[in-house]
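K.L.:
Here it is, the structure, as structure tokens.
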Amino acid sequence: MPAPGYDENHADHEAGRERWQAAYAEAEAAGRVRDADFTTLSGVEVDPVYGPRPGEVVEGFERIGWPGEYPFTRGLHPTGYRGKNWTIRQFAGFGNAEQTNERYKMILARGGGGLSVAFDMPTLMGKDSDDPRSLGEVGHCGVAIDSAADMDVLFGDIPLERVTTSMTISGPAVPVFVMYLVAAERQGADISKLNGTLQTDIFKEYIAQKEWLFAPEPHLRLIGDLMAYCQDNIPAYKPLSVSGYHIREAGATAAQELAFTLADGFGYVELGLSRGLDIEKFAPGLSFFFDSHLDFFEEIAKFRAARRIWARWMRDVYGAKTAKAQQLRFHTQTAGVSLTAQQPDNNIVRTAVEALAAVLGGTNSLHTNALDEVLALPSEKAAQIALRTQQVIMEETGVSNVADPLGGSWYVEALTDKIEAEAEKIFDRIKDMARAAVPSGEHEIGEMTSGILRGIEDGWFTGETADSAFVYQVALEKGDKKVVGVNVHTESLSENLEILRVSHEVEREQNRVLAERRGRRDQGAVDRALAHMVEVARTDGNLIEPMLAAARVEATLGEICGVLKDEWGGYTEPARF
């Protein structure tokens, strides 16, 4: 008997091979297979995928399957990376928009396939650069964005209609997004053709990163507005990137990262359904963002389990019927928390191992950390090494020749099953919290959403993560877990590392330019646009168009977020001891 939630017809691996062969042949005939050398370094030709031998009995094969079909354990496409390699999407941003624009052009010129924007802390918190609370932080952990004019500079000479752009920001994600739309309009782009990803994941902020503006409910209202707007106007753009990365960086285990992240994703599915959106249309606009850590096989298993769980829940719980709506697409970043200040050159090796795990796990796009990111934003040289790390994996190792090359490994399949089982236990715990929060079962948005909100309110997620972080730290200090250069093999040739330093002149210049913009703009138009936005916020109307109108007249990020905070109030995390 097949495992619950999996199809009996997928247990017949010989029939599955025939389906895969037909799908691969169709892709090949349509020109969706790259014209490349698919042989080993020794010239041995390899097949596009491998599976059980004819007549071989493989127990539980319905959970493994073939690339391109439910439950997508082995990947979303029958061609694997033979069809299209993962996108090299290096995360970058520092100083002002002009400096970051230069870095973006360097990344694109040297083979980057898309852009990924890092914002500074004031921007991440919805504050302007001249806000007193921004002092000393402007441009230091990412690029400073105060208004749509900064977006014009950030993407100057970069055609947004043709370059996919990811933006890692959640609390003020929607106002930053509309500034991006205004910049695209000013370029003359067809807005309907924009493609990229906005993080927007507010659940993980309460769970791990702590960059929110309001209580959860207003944030969810804004996210619902964004989902509806993108479905109707920018169909290729992904308005949500559900992030496990920050959860893992906070100390969660692989299974916790996976379960908390997918649970958040289920919450956003429920949000879309509660807004009357068509799951077949909005679900493909949900993407995910995972960490790739140093336990090589565990990470590969985590990525495979993620696709499998998501497909099953989307089909069996939420009723998605099409493969596109059941598929989990994800970006990966190598583990920043694994980098060490001691012997920083070792970080190149760590990043390469983590990147390879992401590729073998079937990531759709990838960022590789630079060796100096534990100390500062990447220098240009370190950024190039990080980029070349991906390119060496892509061009020289042959790992993209075969789809899911570790599929069928006893170890990898056992780890995949184990992580899936651990994740399901966590989902059950979240459902328990939902029942405690809403005993009637009449959830305003959905069961998982109620459980997540209760878990945030009770500090359950942060408590579970803190416990896991403590267990690892104890093992590290006892020497049970080893980190080269930190608690083992500590002898080293000392060498000064040149790191990128952001001048305080950046903040002074950013504030000078911001003051000039305020002086030149039509203040009356700004005031009217902000007032109209507040009026709509008091109704159930969609806030995207009013916010776009405010961005077009150069209302600043701090002003847009400020009037909404005045209307909705802020949020203080409950104290937990």
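K.L.:
Rounded to the nearest 0.05, what FRET efficiency is calculated for residue 321 and residue 98 with R0 set to 56 Å and r the Cβ-Cβ distance? Numbers along the way, then the final one.
P.N.:
On the way: r = 48 Å, r/R0 = 0.85.
In this case the efficiency is close to 0.70.
K.L.:
Rounded to the nearest 10 degrees, what's the angle between the helix 216-233 long axis and the longest principal axis of the chain, both from Cα atoms, 0 to 90?
P.N.:
Value to nearest ten degrees: 80.
K.L.:
Amide H to amide H, which residues 5 or more places from residue 118 or on other chains are under 5 Å from it, using H placed in the peptide plane?
P.N.:
92, 93, 143
K.L.:
Taking the Cα atoms only, what angle lies between the long axis of helix 410-437 and the longest principal axis of the chain, rounded to 10 degrees?
P.N.:
50
K.L.:
By per-residue mean of other Cβ atoms within 10 Å, what is the highest-first order of 196-207, 211-222?
P.N.:
On the way: 196-207: 26.2, 211-222: 20.1.
Ranked from most to least packed, the peptides come out as 196-207, 211-222.
K.L.:
Once you have the Cα-Cα distance between residue 397 and residue 481, take 0.36 nm times their residue separation minus that, and quote the gain in nm to one decimal. Present the calculation step by step, with values, prior to reporting the outcome.
P.N.:
Values: separation 84, 0.36 × 84 = 30.24 nm, distance 2.92 nm.
Gain in length upon complete extension: 27.3 nm.
K.L.:
Here's a follow-up. Of 252, 449, 180, which is farthest along the charge dipole of the chain in the positive direction, counting Lys and Arg as +1 and Asp and Glu as -1 at C-beta?
P.N.:
Working it through, the farthest residue towards the positive pole turns out to be 180.
K.L.:
Moving to a separate point now. How would the stretch 203-295 be classified by its alpha-carbon gyration tensor: rounded, prolate or oblate, with rounded meaning a/c under 1.5 and the a/b versus b/c comparison settling the rest? Walk me through the numbers before you get to the answer.
P.N.:
Values: a/c = 2.28, a/b = 1.62, b/c = 1.41.
Prolate.
K.L.:
Per-residue HN-Hα couplings for the stretch 538-544, Karplus 6.51 cos²θ - 1.76 cosθ + 1.60 at θ = phi - 60°, whole Hz, x for Gly and Pro?
P.N.:
7, 10, 9, x, 7, 8, 5
K.L.:
List the residues, sorted by chain then number, that are 5 or more residues from residue 197 or on another chain and whose placed amide H is less than 5 Å from its amide H.
P.N.:
Close amide H contacts, sequence-distant or interchain: 165, 166, 167, 238.
K.L.:
Residue-wise, which Karplus ³J(HN,Hα) couplings in Hz belong to the stretch 87-94, taking 6.51 cos²θ - 1.76 cosθ + 1.60, θ = phi - 60°, and x for glycine or proline?
P.N.:
7, 7, 10, 7, 6, 8, x, 6
K.L.:
For a label point 7 angstrom out from the Cα of residue 34 toward its Cβ, which stretches of the stretch 374-400 have the backbone nitrogen within less than 19 Å?
P.N.:
Counting only backbone N, you get 386-400.
K.L.:
Given points 7 Å out from each Cα along the Cα-Cβ axis, report the residue 195 to residue 133 separation in nanometres with one decimal.
P.N.:
3.8
K.L.:
For residue 532 and residue 495, what is the calculated FRET efficiency with R₀ set at 45 Å and r taken between the beta-carbons, to the nearest 0.05?
P.N.:
After rounding, the FRET efficiency stands at 0.20.
K.L.:
In whole percent, what relative contact order does the stretch 106-236 give with Cα contacts below 8 Å and a gap of six or more residues? All intermediate terms of the calculation are to be shown ahead of the outcome.
P.N.:
Working: 186 pairs, mean separation 31.7, N = 131.
Result for the stretch 106-236 is 24 percent.
K.L.:
Go through 116-122, 399-405 and give me the packing order, highest mean Cβ count within 10 Å leading.
P.N.:
Values: 116-122: 23.9, 399-405: 20.3.
Averaged packing, sorted descending, gives the order 116-122, 399-405.
K.L.:
Continuing with the same structure: Specify whether the C-alpha gyration tensor of the stretch 424-539 places it in the rounded, prolate or oblate class, a ≥ b ≥ c being the square roots of the eigenvalues: rounded for a/c under 1.5, otherwise prolate if a/b is larger than b/c and oblate if not. Write out the running numbers ahead of the final one.
P.N.:
Working: a/c = 5.47, a/b = 1.09, b/c = 5.01.
Verdict is oblate for the stretch 424-539.
K.L.:
While we're here: Given points 7 Å out from each Cα along the Cα-Cβ axis, report the residue 110 to residue 545 separation in nanometres with one decimal.
P.N.:
Using points 7 Å along Cα→Cβ, the separation is 4.5 nm.
K.L.:
Which value, in Å², gives the accessible area per residue of the stretch 260-417 when a 1.4 Å probe is used on the protein heavy atoms?
P.N.:
Details: 5040 Å² over 158 residues.
Value for the stretch 260-417: 32 Å² per residue.
K.L.:
Among 108-114, 557-563, 286-292, how do they line up from the highest to the lowest mean number of other beta-carbon atoms within 10 Å? The partial results should precede the final answer.
P.N.:
Values: 108-114: 15.9, 557-563: 22.3, 286-292: 26.3.
Ranking, from highest mean packing down: 286-292, 557-563, 108-114.
K.L.:
Further question on the same structure: Between residue 158 and residue 58, what length in nm is gained on full extension when 0.36 nm per residue of separation is reduced by their alpha carbon distance? The partial results should precede the final answer.
P.N.:
Values: separation 100, 0.36 × 100 = 36.00 nm, distance 5.05 nm.
Stretched out fully, the residue 158 to residue 58 stretch lengthens by 30.9 nm.
K.L.:
Next question, about the same structure. Kindly flag which residue pairs out of 204/324; 210/431; 210/321; 431/478; 204/565 have an alpha-carbon separation exceeding 27 Å in this structure. The partial results should precede the final answer.
P.N.:
Details: 204/324 25 Å; 210/431 24 Å; 210/321 35 Å; 431/478 36 Å; 204/565 20 Å.
Correct reply: 210/321; 431/478.
K.L.:
Pick out, in residue order, every one of the GluC sites (Glu not before Pro) in the stretch 454-519 that is DSSP loop and has at most 14 other C-beta atoms within 10 Å; say none if there are none. If you can, show how the numbers build up before the last one.
P.N.:
Values: sites: 457, 464, 477, 491, 495, 498, 505, 507, 509, 516; in loops: 491, 495, 498.
Answer by residue number: 491, 495, 498.
K.L.:
While we're on this one: If DNA, RNA and ligands are ignored and the probe is 1.4 Å, what is the ranking of 105, 418 by accessible area, most exposed first?
P.N.:
Values: 105 75, 418 120 Å².
Descending order: 418, 105.
K.L.:
Compute the FRET efficiency between residue 217 and residue 516 as 1/(1 + (r/R0)^6), taking r as their Cβ-Cβ distance and R0 = 45 Å, and round to the nearest 0.05. Let's see the in-between values first.
P.N.:
On the way: r = 38 Å, r/R0 = 0.84.
Calculated transfer efficiency: 0.75.
K.L.:
Quickly estimate the mean residue ellipticity at 222 nm for the chain, helices only: each DSSP H run with n ≥ 4 gives -39500 (n - 2.57), and the total goes over all residues, rounded to 500.
P.N.:
Numbers: 20 runs with 272 residues, N = 577.
Roughly -15000 deg cm²/dmol at 222 nm, from the helical runs in the chain.
K.L.:
Hey, what angle do you get for helix 13-29 against the long axis of the chain, alpha-carbon based, 0 to 90 degrees rounded to 10?
P.N.:
Here the helix axis deviates by roughly 50 degrees.
K.L.:
Something else: Using the Cα gyration tensor of the stretch 314-462, with a ≥ b ≥ c the square roots of its eigenvalues, what is the shape: rounded (a/c below 1.5), prolate (a/b larger than b/c) or oblate (neither)?
P.N.:
Cα axes put the stretch 314-462 in the prolate bin.
K.L.:
Also: Would you please give the residues with an amide H less than 5 Å from that of residue 242, counting only those at least 5 places away or on a separate chain, with H modeled from the backbone geometry?
P.N.:
287, 288, 289
K.L.:
What are the GluC sites (Glu not before Pro) within the stretch 1-92 that DSSP puts in a loop, where the Cβ has at most 16 other Cβ atoms within 10 Å? Intermediate results must be reported in sequence, preceding the final value.
P.N.:
Details: sites: 8, 14, 18, 26, 28, 45, 56, 59, 62, 69; in loops: 56, 59, 69.
The qualifying sites are 56, 59.
The values are calculated or read from the model by the stated rules, or taken from the named source; none is laboratory data. Note that this is a predicted model, so its numbers are computed, not measured. Please note: Cβ atoms are built from the backbone with ideal geometry, for glycine as well, and neighbour counts cover all protein chains shown. These area figures cover heavy atoms from the full protein model, side chains too; ligands, DNA and RNA do not enter into them. Shrake-Rupley method; radii C 1.70, N 1.55, O 1.52, S 1.80 Å.
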